[in-house]
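First comes the structure, then the notes that go with it.
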Amino acid sequence: MKNIIISLALVFLLSFLMISKDSKVYSASKHGVINLRMSQVSSEMGAIGKTMEKFSQLISERTHGRYKINLFHNGQLGGERDAIENIQMGTLDLTVVNQAVLANFVKEFSVLDIPYLFSGYEHADRIFLGDVGQHFMSQLDHVGLKAIGIWESGFRNLTNSVRPINQLSDVKKLRIRTMENQTHQKFWRYIDADPVPMAWSEAYTAMQQGAIDGQENPILVIDTNNVGQVNKYLAITEHAYSTVFVIMNPALWHVLSDEDKKIFTDTMSEMNIYERQLNRSLEIKSLENLKQQGVVVTHPDKQEFIDNSKGFRDSYREEYGSMLDKIKHG
C-alpha cells in the first residue's frame with residue numbers, strides 16, 4: 001500500500017509540474033500579452049529575417065496584441081539542430097530551419113536535397129506550395145514538431161577562396177562547409193570535393209582562418225552573412241534548391257483557440273508568398289552587391305554538373321522513386 005501511495009504521489013507531482021510548465025510558458029503577462037520566441041540562424045537582413053518581422057507584426061495586429069513574437073537572428077539561440085530539439089523539448093516556441101537539417105529527424109526529407117531535382121522557381125513553387133509540401137509538413141507531426149509554413153532559401157551556389165570555378169574539375173579537393181546533412185555531404189564527395197559538416201554559426205570563422213576553403217548557399221545568404229569578405233570566388237552552380245520550414249512547438253499549437261489557429265495559418269499562407277517574392281527580388285540586388293565587393297562570379301556549364309551527378313540521383317531511386325516522380329512531374 002505504501003508503494004502505491006508513493007507511486008500515485010509521484011504521478012501527481014509530475015502531472016503538476018507539466019501543467020505548471022505549460023501554464024508558465026503560455027500564460028499572459030499582467031498586460032494580457034503572451035510572449036513567444038522565434039529563432040533563425042541567418043541575418044535579419046535577408047528575406048527570411050524580414051518576413052519574420054512581417055509575420056510578428058501581423059500576428060500582433062490580428063490578435064489585438066495578445067501574442068507578441070520576439071525574434072532572434074544570427075543563431076543567437078543556437079544552431080538549427082539545437083532549435084529543432086528545443087522545440088521538441090518545449091523550450092522554444094517557433095523557429096525557421098532548413099529542410100536539410102530536418103532530414104536528421106525525418107529521413108524522407110533527404111530526397112529534397114538531391115542535386116538538380118528542381119528546374120527553376122516555378123517548378124519549386126508548384127511542389128512546395130502544393131500537395132508535396134503538405135505531405136512533408138505532416139511528416140513532422142510524428143517527431144514532436146508542428147510545421148506551419150514553408151519559405152525558401154533559394155538555389156544554392158558555391159563560393160571559395162582558392163580559385164574560380166569554371167568547370168566541374170575545378171571543384172576537386174576543395175574543403176566545402178556543408179550542413180549536417182548526409183545527402184549534401186555525399187554529393188560533394190561524389191564530385192571529388194571534400195565536404196566538412198559544420199554549424200553555420202561556425203562557418204565564417206573557419207573560412208576566415210583557412211580551416212575550410214568555402215561553402216555553398218543561396219546568393220542572398222552569401223551576401224547578408226558577409227561571405228564575400230572571406231571568399232572571393234562565386235560559381236553559379238544552382239546545384240540544389242533549399243526551403244526553410246517554419247516550425248511551431250506543438251504544445252503552443254494545442255493551446256491556441258480555433259480563432260487564433262486560423263489567424264496563424266492564414267497569416268502564414270500570406271507569408272509563404274511574401275517571402276518568396278521578397279527573396280527573389282533581394283537576390284538580384286545581392287548578386288550585384290557581391291560583384292561590387294570584388295567577388296569574381298563565374299557561370300560554369302550547369303549541364304556538365306547535371307550529367308556527372310546523374311548516377312548520384314539514380315542511387316536514390318530505389319528508396320524514393322515514387323516521391324522523385326511526384327517532384328519531377330509536379
Suppose we filter the stretch 155-183 for residues that are in a helix (DSSP H, G or I), out of contact with any Asp or Glu (no Cβ under 6 Å at 6 or more places or on another chain) and surrounded by 15 or more Cβ atoms within 10 Å (Cβ to Cβ); how many remain? 3
Within the stretch 220-251, count every residue that is more than 22 Å from Ile84 (Cα to Cα) and β-branched (Val, Ile, Thr). 6
Filter result for Ile148 (in contact with a Phe, Trp or Tyr (Cβ under 7 Å, 6 or more places away or on another chain), farther than 30 Å from Asp301 by Cβ and touching a residue at least 60 places away in the same chain (Cβ under 8 Å)): yes
Could you give me the residue pairs with C-beta distances under 6 Å whose first residue belongs to the stretch 290-303 and is touching a residue at least 40 places away in the same chain (Cβ under 8 Å), whose second residue is part of a strand (DSSP E or B) and of a type in the set (A, V, I, L, M) wherever it lies, and which are 6+ apart or on separate chains? Val295/Leu234; Val297/Leu234; Thr298/Ala235; His299/Ile236; Pro300/Ala235
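Of all residues in the stretch 229-252, which are more than 17 Å from Leu174 (Cβ to Cβ) and either surrounded by 18 or more Cβ atoms within 10 Å (Cβ to Cβ) or free of Cβ contacts under 8 Å to residues at least 24 places away in the same chain (or both)?
Initially, the stretch 229-252 is screened for residues more than 17 Å from Leu174 (Cβ to Cβ), giving 229, 238, 241-252.
Within the stretch 229-252, Glu238, Tyr241, Ser242, Thr243, Val244, Phe245, Val246, Ile247, Met248, Asn249, Leu252 qualify.
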Residue under evaluation Tyr121, criteria (1) touching a Lys or Arg at 6+ places or on another chain (Cβ under 7 Å); (2) among the aromatic types (Phe, Trp, Tyr); (3) crowded, with 24+ Cβ neighbours inside 10 Å, criterion not met: (3)
For the stretch 253-280: of the residues being in contact (Cβ under 8 Å) with a residue 40 or more places away in the chain and of a type in the set (Lys, Arg), which is surrounded by the fewest Cβ atoms within 10 Å (Cβ to Cβ)? Arg280
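All of the numbers you see were taken from the coordinates with simple rules; none came from a lab. Predicted, not measured: the structure shown is a model, and the values here were computed from it. For neighbour counting, all protein chains shown are included, and Cβ atoms are generated from backbone atoms with ideal geometry for every residue, glycine included.
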